[in-house]
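The structure appears right after this line, and notes come after that.
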Ligand code: 5GP
């Protein structure tokens, strides 16, 4: 992308190691249960599949696709689902899996909407917890990494649909304009 460069933040090895740890933590906490993991498309794809493949308990899967209205890099807090959950979650243990949490508005709306369907529990697992712009009290039950600031791409995360395919995670940097 012209005008932007990228700096590596998390190598593929570091990501894989941490995702394995997370999968084992969740497997231990849900021992004897069969939670439903709900991935938030599209950014979660790599994290979701790596996480599930490392789990040692049976799980069920579903996906939500959320689109937030408004422009700019901050989300507006108004959410619509272009794909809602299809599996019946009533009385079930649900784990929402998301790539990154920033303001927390998207995840708190998703959690609110899922809770209306009567699950036994809803927990949240994110790969990257970016706290700089948090606007809600939402509890992140499992996280891979804390990142203070910056716009993150790679390992499923995009900027205008670019960079998703990269196996490592980068911070996007605006290039200094030539004088
Ligand atoms: P929130 O509602 O927590 O502010 O925003 C969450 C959504 O904004 C994420 O699911 C993701 O789509 C997008 N987002 C927030 N921060 C970043 C970032 O650093 N990089 C990318 N690629 N997306 C981000």
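The values are calculated or read from the model by the stated rules, or taken from the named source; none is laboratory data. On a predicted model such as this, the values are computed, not experimentally measured, just so you know. Please note: Cβ atoms are built from the backbone with ideal geometry, for glycine as well, and neighbour counts cover all protein chains shown.
Which of the residues that make up the range 138-161 are exposed (fewer than 13 other Cβ atoms within 10 Å of the Cβ) and touching a residue at least 12 places away in the same chain (Cβ under 8 Å)?
Here is the first cut: in the range 138-161, the residues exposed (fewer than 13 other Cβ atoms within 10 Å of the Cβ) are 139, 146, 148-149, 160-161.
Answer for the range 138-161, where residues must be exposed (fewer than 13 other Cβ atoms within 10 Å of the Cβ) and touching a residue at least 12 places away in the same chain (Cβ under 8 Å): 139, 146, 148, 149, 160.
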Scan the range 41-83 for residues that are modelled with pLDDT of 95 or more and out of contact with any strand residue (DSSP E or B) (no Cβ under 8 Å at 6 or more places or on another chain) and jot them down.
46, 49, 50, 53, 54, 55, 56, 57, 58
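May I ask you to verify whether residue 123 is out of contact with any strand residue (DSSP E or B) (no Cβ under 6 Å at 6 or more places or on another chain) and more than 14 Å from the ligand (Cβ to nearest atom)? Let's see the steps before the verdict.
Values: out of contact with any strand residue (DSSP E or B) (no Cβ under 6 Å at 6 or more places or on another chain): no; more than 14 Å from the ligand (Cβ to nearest atom): yes.
No; evaluated as a whole, the condition is false for this residue.
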Tally time: how many residues in the range 127-163 are more than 16 Å from residue 8 (Cα to Cα) and either within 9 Å of the ligand (Cβ to nearest atom) or at pLDDT below 95 (or both)?
11
Output the residue which, of all residues in the range 94-115 that are buried (at least 19 other Cβ atoms within 10 Å of the Cβ) and away from the ligand (no atom under 12 Å from the Cβ), is nearest to residue 153 (Cα to Cα).
95
